[in-house]
Amino acid sequence: MVLVNPIGLEDWQAAGVPFIDLDKALEIEKATTFDSIKRYEQRFYYAGQWRPEYDRWVEMIAGMYRGLGAERIAQVQARIAEMAFIQPVVHELERIRAPTLLMVGQLDRTAPGANRAPPELAKELGNYPELGRAAARRIPKAELIEFPEIGHAPQIQAPDQFHDALLKGLGGS
């Protein structure tokens, strides 16, 4: 199994991030735009290392919110956000039995709900260097690959480095 900067390595609710109900989450999702996605990704995904070619990935996501299925996309995304918040995988890591390649960009600071958290708490959330190492210790057959200068999406930010590490981690070359 390969996990790349997985969401859910920390329990935001237990940390004190305020819960929002599904109706509020849906309202937030319906307000999603290209600009709001880009601002979020600039802040959390790439550690200020934005490149114009990342816009295509933002457009891909934004297009789903504008298309014929926009209402459904908003509903699904609201439910995914709720699930990640109330059922983070962090509590299940010891149950993973498959050999696991955990690939973590060390500049990632993704923490859904951090925008709702008190400022002092928000600063502490999404510390992927710590989260990745803690997860690797808890997953029985984990191998951790850390990308020191990369954020949430190493496959986009440094595809050659990511693919080399992935193939090596999977036993290929």
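The values are calculated or read from the model by the stated rules, or taken from the named source; none is laboratory data. Note that the coordinates shown come from a computational prediction; the quantities given were computed from them, not determined experimentally. Heads up, the Cβs are rebuilt from the backbone with ideal geometry, glycines too, and the neighbour counts pull from every protein chain shown. Side chains included, ligands, DNA and RNA excluded: accessible areas come from the protein's heavy atoms. Shrake-Rupley method; radii C 1.70, N 1.55, O 1.52, S 1.80 Å.
For region 54-71, a residue qualifies if it is open to solvent by less than 90 Å² (accessible area, probe 1.4 Å) and aliphatic (A, V, I, L, M), and the qualifying residues are V58, I61, A62, M64, A70.
Pull up region 37-53, narrow it to residues that are touching a Phe, Trp or Tyr at 6+ places or on another chain (Cβ under 9 Å) and not charged (D, E, K, R), then point me to the one that is most open to solvent (accessible area, probe 1.4 Å). By that ranking, first place goes to Q42. Criterion first (surrounded by fewer than 18 Cβ atoms within 10 Å (Cβ to Cβ), touching a helix residue (DSSP H, G or I) at 6+ places or on another chain (Cβ under 7 Å) and under 27 Å from P148 (Cα atoms)) does L93 satisfy it? So L93 does not fit the description; no. Condition (residue is under 21 Å from A122 (Cα atoms), of a type outside the set (F, W, Y) and open to solvent by 50 Å² or more (accessible area, probe 1.4 Å)) applied to region 72-80: is it met by at least one residue? Scanning region 72-80, I find at least one residue that is under 21 Å from A122 (Cα atoms), of a type outside the set (F, W, Y) and open to solvent by 50 Å² or more (accessible area, probe 1.4 Å), so the answer is yes. Among the candidates E53, E29, the residue that is part of a helix (DSSP H, G or I) and without any contact (Cβ under 8 Å) to a residue 24 or more places away in the chain is uniquely E53.
Quick check, is Y65 among the hydroxyl-bearing types (S, T, Y), assigned to a helix (DSSP H, G or I) and at pLDDT below 95? Against the criterion (among the hydroxyl-bearing types (S, T, Y), assigned to a helix (DSSP H, G or I) and at pLDDT below 95), Y65 does not qualify.
Do we find that A114 is modelled with pLDDT of 95 or more and surrounded by 15 or more Cβ atoms within 10 Å (Cβ to Cβ) in this structure?
Values: modelled with pLDDT of 95 or more: no; surrounded by 15 or more Cβ atoms within 10 Å (Cβ to Cβ): yes.
No, not satisfied.
So how many residues does region 147-173 have that are in contact (Cβ under 8 Å) with a residue 24 or more places away in the chain, in a helix (DSSP H, G or I) and either of a type in the set (D, E, K, R) or within 14 Å of T110 (Cβ to Cβ) (or both)? Before you say what the answer is, go through the steps one by one.
Going through region 147-173, the residues in contact (Cβ under 8 Å) with a residue 24 or more places away in the chain turn out to be 147-157, 162, 165-166, 169-170.
In the following step, the residues that additionally are in a helix (DSSP H, G or I) were identified as 154-157, 162, 165-166, 169.
Now narrow it down to the ones that are either of a type in the set (D, E, K, R) or within 14 Å of T110 (Cβ to Cβ) (or both): 154, 156-157.
The total comes to 3.
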